[in-house]
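No lab work stands behind these numbers, since they all come straight from the coordinates. From a predicted model like this one, the values you see are computed outputs, not experimental measurements. Glycine also receives a Cβ, built like all others from the backbone with ideal geometry; neighbour counts cover every protein chain displayed.
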Amino acid sequence: MVLIGCGERAKSRVRSAEAYTFMVTDLKIAPSLLAADFADLRGEVAKVSDGADWLHLDVMDGHFVPNISFGIPVIASIRGGTDLYFDCHVMTTNPDTYVTELAGAGVDLITMHIEAIPDPTDPAKKARAAGLDFGLALNPATPFSAVAPFVEICDLLVVMSVEPGYGGQAFIPQVLPKVAEAREWVEERGLGTDIQIDGGITPETAPLAVSAGANVLVAGTSVFGQVDPSAAIAELRRAEETE
Ligand code: DX5
Ligand code: ZN
């Protein structure tokens, strides 16, 4: 990743009074299947397979979050239809329980919530032993300090910009300083950790998240909720051009 602040390459964050000014050159778009037509999942995945970088899969248990989505058999059934990197966001009370099964279903990365596993050391080892990349997510109210000691064991940090559980909610801009804090932490240590923002991402909010330091954008409603998901991805990708 190359960060450009005010025209200087690889320079750390420059912040004006109103805005962050990161420029991220390896932006990834991760459509969230939660907003797709569940009656035609293979068809829906096919619509984004060329334009997207990752496919975001929200697994919910009705306990950690007040909603139930889909699980292992559904993920396995769509794996054969695409080569996209499967980014599995596990919103369950015991997120390390199904690591082996999720790996068997074909996910590439498993993200667990720090609120569910205050010490993620062993869950991360379990994920790696199953051949998976590992991510940690933070709810909007959880400070970055909760994950700071564990960033080096993560491939991905996920800053939730809505309360987890449902698609279609409004972006919470108060999480932007946390994105910037995470980005600064990663850059200062020369880590390659991706920083994802999840919830309420639209062509209007995407540039804010990217400027603050996010390089992976999850987007459900603003991709699968659109008539042309492929064009919607291209629109989100324009956030990379933001100064
Ligand atoms: C919410 C999920 C999100 C959700 C995003 O708990 O983690 O990934 O699908 O949906 P939108 O993009 O519609 O806010
Ligand atoms: Zn998610």
How high is the relative contact order of the range 117-243, in percent, counting Cα pairs under 8 Å that sit 6 or more residues apart? 20
Give the peptides 227-234, 157-164, 172-179 in descending order of average Cβ contacts within 10 Å, highest first. 157-164, 172-179, 227-234
For an R0 of 45 angstrom, estimate the FRET efficiency from the Cβ-Cβ distance between Ala141 and Glu101 and round to the nearest 0.05. 0.90
Which of Val45, Val65, Val74 moves most in a GNM of the chain, Cα contacts under 10 Å? Val74
Which far-off residues, 5 or more places away or on another chain, put their amide H under 5 Å from the one on Val24, with H placed in the peptide plane? none
Using the basic label-point model (7 angstrom from Cα toward the beta carbon), what is the Tyr85 to Ala148 distance in nanometres? 2.7
Which value does Rg/Rh take for the chain over its C-alpha atoms, Rh per Kirkwood? 0.94
Reachable aspartates and glutamates from Lys125, Cα under 15 Å, same-chain residues fewer than 8 places away excluded? Asp96, Asp108, Asp133, Glu152, Asp155
Centre separation in Å (Cα based) which lies between the range 20-75 and the range 186-243: 13
Rounded to the nearest 0.05, what FRET efficiency do Ala46 and Leu191 have when you use their Cβ-Cβ distance and R0 = 51 Å? 0.90
